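Taken together, the values in this text are just the output of simple stated rules run on the coordinates, not laboratory data. Treat the numbers as computed from the prediction; the structure is a model and nothing was measured. Don't worry about glycine lacking a Cβ; one is built from the backbone with ideal geometry, like all the others, and counts go over all protein chains shown.
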Amino acid sequence: MAATVTRAESWTTSIGTARWRALAASWLGWMFDGYETYAIVLVMAQAVGQLLPPEKLPTLSVYMGGLLAATLLGWAMGGVAAGVLTDYIGRKSMLMISILWYAVFAGLTALSPNYWFLLVFRFLTGLGLGAEWGPGTAIVAEFWPPSLRGRAGGALHAALGVGFFLASGIWLLVNPLGSSSWRYMFIIGILPAFLLLYVRRAVNDPALWVAANNRRREARKRLEMGIVSQEDRELAQFTITRVLSDRQLRRRVGLLLLMSLSSALGWWSVQTWVPQYAAQLAANAGKRSQHWASLAGLTYNAGSIAGYLALGWLVDVFGRKLIIWLYYLGALGLTLYFFLLVKDRHVLLVMAAATGFFTNGQFAWMTVYLPELFPTRVRGSAMCLVFDGSRSIAAFGPLLAGWLISSFGSIGTAAAMMSLIYVVGLIVTPFAGPETKGKPLPA
């Protein structure tokens, strides 16, 4: 088995063009995911305020939380389903399906006539958003060698930050165009459909997955012929069943889920309020609220991009677990400082970048670390069970945060309370799995 991994690693090292094409295709898909995800964060106040009847406006934050929750729930369901399909139909095919799906429903979001249509379209868009990460992450991890895998994973996840940054910049330009400006943001979300042409022509499935898929098919044939062995039963077993029936893999998934929940709940219930918090401070100072919300989004996401890239480099140099733990620590401390102590608008922009470095940059640990912890034949299923499964729980975070904001009348207090979820990541990280720096992927 070790020889198989060595040959596969040697093969991927010798075809640099295929490696870079896989990274480019996954990077572009994930960048558009980032754009679409942050677009709803930026426009939700305007969109929901426009689509709700006047008597519902006092509870606007609750409906905004519902919109984020619907996106997250769709993300979770689409991601887990895509993870399974990634293991069976291939990394490339699932990548193409996910890109087409979210491009279509992003465009339909722009046509929403009321809040409930907007909610449904965001759920359906979420299915596609969640489906893209698994195949993209798997294909990059399986093409890149151990010595560079952290940096490749960090670069891939930085695409999300670039998408966030792009959404912030476009919203800064589009927002002054009137009451329909939020719809223009989602019309732009149709563009990823053109990426399919590149993926179809330039990207191939990794040799590591092809070999694992062939072993699964051969095992099924032997079982159909009545030649039964324990190894063949395990190879032919449904991927999710295999992950949950193996004691070591089940324990690993459980601990990693807690880490992923810490990151996801921290972002969706806390960091999504950064633009609204900036808008609130600006409004109190008599300044243009949406202008400052966009500026805060830009600086936050500039810090995020730096955080992704830095994590990828640091984990290759110092190891996965130490750096992940330090990112959780930075996220906790800076979030509390940002929402409780920052009152000046200009200081807010600087601290938004620093907070983004740790709170959003930490997500790159999943793109780097998760593929290294599971065998190839179940890699997509196990990764997405962790990455996307946590979002089904995190979906309640924005609802709770929205309720807390309505109750306390303060974004800062509610966000500070919710940020304590980062403590879970600090506690669990040392026990979640082995150190994988410089090691080949499990076959």
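Some points to look at:
- Acute angle (nearest 10 degrees) that the helix 207-224 long axis makes with the longest principal axis of the chain, alpha-carbon atoms: 60
- Helical contribution to [θ] at 222 nm, DSSP H n ≥ 4, -39,500 (n - 2.57), averaged over the chain, rounded to 500: -26500 deg cm²/dmol
- Axis angle, to the nearest 10 degrees, between helix 146-174 and the longest C-alpha principal axis of the chain: 30 degrees.
- Comparing G178, G49, G29 in a Gaussian network model of the chain, where Cα atoms under 10 Å apart are tied by springs, the biggest mean-square fluctuation is seen for G178.
- Residue by residue, the range 376-388 carries 3J(HN,Hα) couplings of 4, 5, 10, 4, x, 5, 5, 4, 6, 4, 7, 5, 9 Hz when phi is fed to the Karplus relation 6.51 cos²θ - 1.76 cosθ + 1.60 (θ = phi - 60°); x denotes Gly or Pro.
- Residues R21, R320, arranged from fewest to most other Cβ atoms within 10 angstrom of their Cβ, appear as R21, R320.
- Karplus-derived HN-Hα couplings along the range 282-297 (A = 6.51, B = -1.76, C = 1.60, θ = phi - 60°), whole Hz, x at Gly and Pro: 5, 4, 5, 8, x, 9, 5, 5, 5, 4, 6, 4, 5, 4, 5, x
- Short-range pairs are left out: with C-alpha atoms under 8 Å and at least six residues apart, the relative contact order of the chain is 27 percent.
- Here the residues I411, I40, ranked from fewest to most Cβ neighbours within 10 Å of their Cβ, fall in the order I411, I40.
- Partners of K437 within straight-line reach, counting lysines whose Cα lies under 17 Å from its Cα and excluding those fewer than 8 residues away in the same chain: K321.
- Residues S262, S179 arranged by fewest to most Cβ contacts within 10 Å: S179, S262
- At R0 = 41 Å, FRET efficiency that the Cβ-Cβ distance of T413 and R201 yields, to 0.05: 0.20
- Think of the chain as having a plus end and a minus end, set by charges on the Cβ of Lys, Arg, Asp and Glu; of A82, A364, S93, S93 sits farthest toward the positive end of this dipole.
- Residue of W268, W133, W325 that the Gaussian network model of the chain assigns the largest fluctuation, springs spanning Cα pairs under 10 Å: W325
- A simple spin-label model places the labels of W313 and R345 3.4 nm from each other, with each point 7 Å out along Cα-to-Cβ.
- Between the Cα long axis of helix 2-13 and the first principal axis of the chain there is an angle of about 60°, rounded to the nearest 10.
- The range 232-242 - phi-based ³J(HN,Hα) in whole Hz, Karplus 6.51/-1.76/1.60, Gly and Pro as x: 5, 4, 5, 5, 8, 5, 4, 4, 5, 4, 4
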